[in-house]
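Chemist: I have a structure here, written as structure tokens, and I will follow up with some questions on it.
The values are calculated or read from the model by the stated rules, or taken from the named source; none is laboratory data. Only a predicted model underlies this, so the values are computations on that prediction, with no experimental measurement involved. Cβ atoms come from the backbone with ideal geometry, glycine included; neighbour counts cover every protein chain shown. SASA here: full protein model, heavy atoms, side chains in, ligands and nucleic acids out. Shrake-Rupley method; radii C 1.70, N 1.55, O 1.52, S 1.80 Å.
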Amino acid sequence: MKRRQRIRRGMLIISLLLFPVTLYYLSPYVIIAGAAAGVAAGSMLVFGAQFVSSLFLGRAFCGWLCPAGGLGECLLLAQDSPARGGRLNWIKYAIWAPWLGFIIWAIVLGGGLTAIDPLFMTTHGVSVADAQGYIVYYVVIALIVALALTSGRRAFCHYACWMAPFVIIGSRLGRVTRIPMLHLAADAARCVDCTRCNRACSMSLDVHGMVRTGQMRHDECILCGACVDACPQDVLSLAFGRAPR
């Protein structure tokens with residue numbers, strides 16, 4: 001395994017181990033509860049930061065720092081089959097859109113945001129500190145595990161992640177506005193059609209097909225660099241600059 005992948009997986013494992021602490025900072029419920037109380041909770045701040053960072057870094061958070069993604073990659077030891085195609089990726093948007101509507105409704109109901117409290121609903125900054133916290137934690141873990149074992153590699157990221165649309169929309173906006181950003185690049189002339197990139201992709205993408213068509217952007221690409229490090233011909237690279245639209 002290349003050094004970059006060892007570092008990346010180490011960061012994901014650390015993020016996963018810290019998940020009992022950070023759970024509420026990534027919670028879809030806490031942001032609604034805070035908004036109803038007129039408070040910008042930690043999850044609202046984190047989701048906002050994810051969106052802003054995605055303008056420059058795409059979905060790198062998903063590939064390098066997400067605790068759910070860390071668990072998903074650990075589960076490759078038990079289930080390493082590709083996710084079941086991209087036709088179900090719309091499910092996460094069906095979850096995200098009404099959830100975003102609930103947030104807006106809660107803000108209006110609460111009379112607007114009047115305070116900022118990053119530690120809202122936590123116990124001295126720790127998310128899982130009581131019975132309720134443990135129940136929520138294990139339900140989330142069970143969901144990620146169940147989807148991975150039944151639907152393939154990092155299935156939660158494809159189908160159920162409420163955070164992914166934030167970074168996907170941010171990535172698209174970054175490309176449209178031509179903001180210099182992290183992206184996948186390729187020198188197709190060097191490709192020998194070994195398809196090792198496809199086998200290495202943790203999001204089950206047809207990277208080889210992307211290289212051959214010259215369409216290197218993909219909403220589900222998490223910029224983990226696994227395909228880059230698996231390529232024996234150095235066809236692929238992670239580049240920073242104006243990404244192709």
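Chemist: Would you point out which residue out of GLY111, GLY101, GLY125 is surrounded by 13 or more Cβ atoms within 10 Å (Cβ to Cβ) and of a type outside the set (A, V, I, L, M, F, W, C)?
Modeler: Checking each option against the conditions leaves just GLY125.
Chemist: Which residues, taken from the stretch 135-145, are surrounded by fewer than 15 Cβ atoms within 10 Å (Cβ to Cβ) and either under 13 Å from VAL21 (Cβ atoms) or touching a residue at least 12 places away in the same chain (Cβ under 8 Å) (or both)?
Modeler: If the condition is that a residue be surrounded by fewer than 15 Cβ atoms within 10 Å (Cβ to Cβ) and either under 13 Å from VAL21 (Cβ atoms) or touching a residue at least 12 places away in the same chain (Cβ under 8 Å) (or both), then LEU143 is the only one that fits.
Chemist: Do you know which residues across the stretch 82-139 are part of a loop (DSSP other than H, G, I, E, B), of a type in the set (Phe, Trp, Tyr) and under 18 Å from the mean Cα position of the chain (by Cα)?
Modeler: Within the stretch 82-139, just TRP90 meets the criteria.
Chemist: If you don't mind, there's one more thing I want to ask. Could you tell me which residue of the stretch 228-245 is surrounded by the most Cβ atoms within 10 Å (Cβ to Cβ), considering only residues that are charged (D, E, K, R) and not in a strand (DSSP E or B)?
Modeler: Ranking the candidates gives ASP229 first.
Chemist: Criterion first (open to solvent by less than 10 Å² (accessible area, probe 1.4 Å) and among the basic types (Lys, Arg)) does ARG154 satisfy it?
Modeler: When the stated conditions are applied, ARG154 passes them.
Chemist: Could you list all residues from the stretch 22-31 that are β-branched (Val, Ile, Thr) and either at pLDDT below 95 or farther than 16 Å from ILE116 by Cβ (or both)?
Modeler: THR22
Chemist: How many of the residues making up the stretch 1-13 are in contact with a Gly (Cβ under 8 Å, 6 or more places away or on another chain) and either within 9 Å of PRO67 (Cβ to Cβ) or of a type in the set (Gly, Ala, Ser) (or both)?
Modeler: 1
Chemist: Shifting gears a bit: Can you pull out every residue in the stretch 178-214 that is at pLDDT 95 or above, open to solvent by less than 70 Å² (accessible area, probe 1.4 Å), farther than 24 Å from LEU75 by Cβ and of a type in the set (Val, Ile, Thr)?
Modeler: Passing the criteria: only VAL211.
Chemist: Name the residue, out of ARG154, ARG172, that is in contact with a helix residue (DSSP H, G or I) (Cβ under 7 Å, 6 or more places away or on another chain) and under 26 Å from MET216 (Cα atoms).
Modeler: ARG154
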